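Enquirer: I'd like to ask you about the structure that follows.
The values are calculated or read from the model by the stated rules, or taken from the named source; none is laboratory data. Because the structure is predicted, anything quoted here is derived from the model rather than measured. Note that each Cβ is placed from the backbone with ideal geometry, even for glycine, and that neighbours are counted across all protein chains shown. Just so you know, the surface numbers come from the protein's heavy atoms only, side chains and all, with ligands and any DNA or RNA stripped out. Shrake-Rupley method; radii C 1.70, N 1.55, O 1.52, S 1.80 Å.
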Amino acid sequence: MTPMAGVTDPDLLGDLSGLLTDEQRQFAALVRSYLDDQIRPHLSDWFEAGHLPVREIARGLGSLGVLGMQLSDYGCVGADPISYGVVCTELEAADSGLRSLVSVTGSLAMFALRTYGSQQQRTEWLPALARGEAVGCFGLTEPDAGSDPAAMRTTAHRTPGGDWLLNGRKMWITNGSVADIAIVWARTETGIAGFLVPTGTPGFTAVDIPRKMSLRASITSELILDGVRLPADAVLPDVRGLGSALTCLNEARFGIIFGVMGAARDCLTTALEYAHTRQAFGRPIGSFQLQQRALVEMAAAYTSGVLLAHRLGSLKARQGLRPEQVSLGKFANVSAALGIARQARAILGGSGITLDYPIVRHLLNLESVLTYEGTHDIHTLIVGAALTGERAFT
Ligand code: TGC
Ligand code: FAD
């Protein structure tokens, strides 16, 4: 076999594309081509402006069939977990905000409706969400209850007439101010329940969170629920307490395990290209041992991360994943992607801090990814409890 010499595609080292079936490869190519044509040229401007045309992009992604793509009815394509994973990889190779849009729509809002919603709720909303003609959001976190959602204060009270009255606040909600529906988790007299809240309902307000320095090409909002009156059938009938909300998180966390390897791939590709061309002391910087060590560390972490994602994807397809397996993947791969982004940033020297290259954007985005969908600490505690049998949360 001929040895490699001077590549810029980090997948070549581990022959990672060989892991994919034809169908998985087609999904990746479809999304990559849409992103190259319509999205990638605008990303650094959107990031700088703190803007994302969510509705337009949702329609574009809906036409590709990637919204709720693991669901197999209500207009969804019924793809396997690794196909979903590689789509997340391609999206996050462009920007974590795009993968977030797809995570929140498909893995959180649509998954919650499909798993816990009534027939009427599913029929009314799932096909429109799958086409990207409607946008959803998922409100679990509150200003005083993030890592510990069991401490939520949002309440839902039954009125004598049978309606529900919702009061409270939800914080850091992706897509909040553009969504048509919010899946809102609230405390009732009998435990935590989920509600389908049309965002036009009186008493519902969404206010964007300003001055974010991460995920700037993504909308993040606070939801205010001030006496939101909903009919009796707004409740998701099959929810059984907080565990139902946490089950949705497993789906979105799975997408992140693949997604962050896309951001890592883009950083590594950019650093490799730069190392080939940038000269210092009369030589390409890629010819220096120290830069080679950094590139090798990045390539090793990237290859391991992709292999872990695929292992978890195969398990999910065959037998389903246990929550601690999902946590292991998020713990390992987000951390690996952040490390790769930091090393890539350094390889570009001063150029690494500008939006002329994608690296600093990925680096800043990954700081949010480390925190949302369960912080790095929370996933440490989940895996720690699985390994030792001892819970160290309190
Ligand atoms: P705990 O007593 O451990 O569990 C309560 C019930 O839930 C069950 N459970 C799970 N079920 C399915 N999947 C999981 N991952 C589960 N984790 C727990 C558990 O078995 C129990 O069931 P039952 O029948 O015995 O009642 O609950 P706890 O209150 O001690 O909390 C545990 C903890 C800290 C691990 C959990 O609350 C947690 O994961 N906290 C992190 C919160 C989080 O991740 N929030 C994310 C919000 S959404 C978001 O960030 C979207 S970002 C946008 C994007 O994705 O792009
Ligand atoms: P806290 O829970 O206050 O944690 C603060 C620090 O304390 C962290 O370092 C944490 O790890 C640590 N900590 C907490 N508990 C422990 C413990 N037991 N042991 C050790 N350390 C601990 N939420 C949604 O519901 N829907 C969304 O769409 C959504 N989108 C988001 C988008 C963005 C850009 C961001 C940044 C967040 C989003 N979130 C969303 C919220 C996200 O899930 C929370 O930020 C996250 O769960 C952490 O909660 P917190 O910010 O309140 O931090």
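Enquirer: May I ask you to verify whether SER304 is of a type in the set (S, T, N, Q), surrounded by fewer than 20 Cβ atoms within 10 Å (Cβ to Cβ), under 23 Å from the mean Cα position of the chain (by Cα) and under 30 Å from GLN121 (Cβ atoms)?
Expert: No, not satisfied.
Enquirer: Kindly indicate whether HIS362 is buried (at least 24 other Cβ atoms within 10 Å of the Cβ), out of contact with any Pro (no Cβ under 9 Å at 6 or more places or on another chain) and of a type outside the set (A, V, I, L, M). Explain how you work it out, then say what you get.
Expert: Values: buried (at least 24 other Cβ atoms within 10 Å of the Cβ): yes; out of contact with any Pro (no Cβ under 9 Å at 6 or more places or on another chain): yes; of a type outside the set (A, V, I, L, M): yes.
For HIS362, the condition - buried (at least 24 other Cβ atoms within 10 Å of the Cβ), out of contact with any Pro (no Cβ under 9 Å at 6 or more places or on another chain) and of a type outside the set (A, V, I, L, M) - is met.
Enquirer: Could you tell me which of the residues ARG99, ARG59, ARG153 is over 27 Å from ALA264 (Cβ atoms) and assigned by TED's automatic domain parsing to the domain that holds ALA29?
Expert: ARG59
Enquirer: Tally up the residues in region 1-49 that are among the polar types (S, T, N, Q) and open to solvent by 100 Å² or more (accessible area, probe 1.4 Å), please.
Expert: Qualifying residue count for the region: 3.
Enquirer: Search region 229-253 for residues that are assigned to a loop (DSSP other than H, G, I, E, B) and pair each with any residue that is of a type in the set (Phe, Trp, Tyr) and within 16 Å of ligand 1 (Cβ to nearest atom) when their beta-carbon atoms are under 6 Å apart and the residues are at least 6 apart or on different chains.
Expert: Hits for this filter: LEU236/TYR116; ASP238/TYR116; VAL239/TYR116.
Enquirer: For the condition under 17 Å from SER96 (Cα atoms), surrounded by 14 or more Cβ atoms within 10 Å (Cβ to Cβ), modelled with pLDDT of 95 or more and within 16 Å of ligand 1 (Cβ to nearest atom), what is the one hit in LYS330, LYS316?
Expert: Within the list LYS330, LYS316, the selection yields LYS330.
Enquirer: Find all pairs meeting these conditions: Cβ atoms under 9 angstrom apart; at least six residues apart or on different chains; first residue within region 368-394 and exposed (fewer than 11 other Cβ atoms within 10 Å of the Cβ); second residue among the acidic types (Asp, Glu).
Expert: Once the first residue is exposed (fewer than 11 other Cβ atoms within 10 Å of the Cβ) and sits in region 368-394, its partners that are among the acidic types (Asp, Glu) give LEU387/GLU324.
Enquirer: Residues in region 136-149: is at least one farther than 30 Å from VAL360 by Cβ and away from ligand 2 (no atom under 12 Å from the Cβ)?
Expert: no
Enquirer: Looking at region 107-126, is at least one residue away from ligand 2 (no atom under 15 Å from the Cβ), in contact (Cβ under 8 Å) with a residue 60 or more places away in the chain and in a strand (DSSP E or B)?
Expert: No, region 107-126 has no match at all.
Enquirer: Pairs only if they're at least six apart or on different chains, beta carbon under 7 angstrom, first in region 300-324 and without any contact (Cβ under 8 Å) to a residue 40 or more places away in the chain, second within 15 Å of ligand 1 (Cβ to nearest atom) and assigned to a helix (DSSP H, G or I); list them, first residue then second.
Expert: LEU315/GLN325
Enquirer: Kindly provide the set of residues from region 126-152 that are away from ligand 1 (no atom under 16 Å from the Cβ) and open to solvent by 30 Å² or more (accessible area, probe 1.4 Å), ordered by number.
Expert: The answer is PRO127, ARG131, GLU133.
Enquirer: Separate question: Hey, can you tell me all the residues within region 91-125 that are away from ligand 1 (no atom under 14 Å from the Cβ) and either touching a strand residue (DSSP E or B) at 6+ places or on another chain (Cβ under 9 Å) or open to solvent by 10 Å² or more (accessible area, probe 1.4 Å) (or both)?
Expert: LEU113, ARG114, GLY117, SER118, GLN119, GLN120, GLN121, ARG122, THR123, GLU124, TRP125
Enquirer: Tally the residues that are part of a loop (DSSP other than H, G, I, E, B) and in contact (Cβ under 8 Å) with a residue 24 or more places away in the chain, restricting the search to region 75-99.
Expert: So the count comes out to 5.
Enquirer: Let me ask another. Would you be able to say whether some residue in region 69-90 is at pLDDT 95 or above and within 19 Å of THR220 (Cα to Cα)?
Expert: Checked region 69-90: no residue is at pLDDT 95 or above and within 19 Å of THR220 (Cα to Cα).
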